[in-house]
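The values are calculated or read from the model by the stated rules, or taken from the named source; none is laboratory data. Computed from a predicted structure; not experimentally measured. Neighbour counts run over all protein chains shown; Cβ positions are idealised from the backbone, glycine included. What goes into the accessible areas is simple: the full protein's heavy atoms, side chains included, and nothing from ligands, DNA or RNA. Shrake-Rupley method; radii C 1.70, N 1.55, O 1.52, S 1.80 Å.
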Amino acid sequence: ITTIERSLQTFSHQDESGNKAVDLHEGLESALLILSPQLMATPKRAEIKIERCYGKLTKVYCYPSQLNQVFMGLLTNAIDALNQAAEKQADRSAPKITIATEVKDNSVQVSITDNGVGMKAAQVRQVFDPFFTTKAVGEGVGLGLSMSYQIVNNNHQGSLTCVSNPGEATTFTVRIPLSLKIQHNSPLVSV
């Protein structure tokens, strides 16, 4: 119970109103703990394996609760993609999400890759548009990735990108500059 409580506090950063230097690995691990029931095996698919390829990161100056919401959204979308893949194809490799972190080009980079069915080029071009969704009607409103894009690009002067091809893995990459200095009057996205 203590571990879950600590994880929820780390994820939400309820005791913090602004921005500070944080360890992004803590936010990722908190999101994974919260999502752990969704990673378990179901009648339609095997347990989703998590592969951690964590590099040595420095702390990043950011709005931690906002970035944690981005990580939660990206991981939830990866789980949804793997569930969709399980329904479409019986003979698939074991479902897996790979999380890779590294410092690259004066930025901290976090990549989240699922081995689902991928997306077409037209879908990738629209994936950050408000109200665009690849999910069935009634299963998604298409705001999560749009809001994540605003949080990363606007509030953190970083970038959120997507690379995918049909039948192949999908990778979302978050980059946050190490030299980021957030102004106290920066516009916040409510999520």
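Looking at the structure I just gave you, is Ile34 modelled with pLDDT of 90 or more, open to solvent by less than 40 Å² (accessible area, probe 1.4 Å) and among the aliphatic types (A, V, I, L, M)? For Ile34, the condition - modelled with pLDDT of 90 or more, open to solvent by less than 40 Å² (accessible area, probe 1.4 Å) and among the aliphatic types (A, V, I, L, M) - is not met. When Glu26 is tested against (1) at pLDDT below 90; (2) surrounded by 13 or more Cβ atoms within 10 Å (Cβ to Cβ), exactly one condition is not met: (1).
I'd like to know if segment 156-164 contains one or more residues that are modelled with pLDDT under 90 and either touching a Leu at 6+ places or on another chain (Cβ under 9 Å) or more than 26 Å from Val103 (Cβ to Cβ) (or both). No, every residue in segment 156-164 fails to be modelled with pLDDT under 90 and either touching a Leu at 6+ places or on another chain (Cβ under 9 Å) or more than 26 Å from Val103 (Cβ to Cβ) (or both).
Within segment 165-179, one or more residues are out of contact with any Gly (no Cβ under 7 Å at 6 or more places or on another chain), at pLDDT below 90 and either assigned to a loop (DSSP other than H, G, I, E, B) or more than 30 Å from Lys59 (Cβ to Cβ) (or both). Only residues that are of a type outside the set (Asp, Glu) and at pLDDT 95 or above were counted in segment 39-55, giving 9. Residues in segment 61-80 that are of a type in the set (A, V, I, L, M, F, W, C) and more than 13 Å from the chain's Cα centre (by Cα): 1 in all. The condition (being basic (Lys, Arg) and more than 16 Å from the chain's Cα centre (by Cα)) is satisfied by just one residue among Lys120, Lys96: Lys120. Can you find even one residue in segment 128-137 that is farther than 27 Å from Asp23 by Cα, in contact (Cβ under 8 Å) with a residue 12 or more places away in the chain, open to solvent by 70 Å² or more (accessible area, probe 1.4 Å) and part of a loop (DSSP other than H, G, I, E, B)? Within segment 128-137 (the criterion being farther than 27 Å from Asp23 by Cα, in contact (Cβ under 8 Å) with a residue 12 or more places away in the chain, open to solvent by 70 Å² or more (accessible area, probe 1.4 Å) and part of a loop (DSSP other than H, G, I, E, B)), the answer is yes, since at least one residue qualifies.
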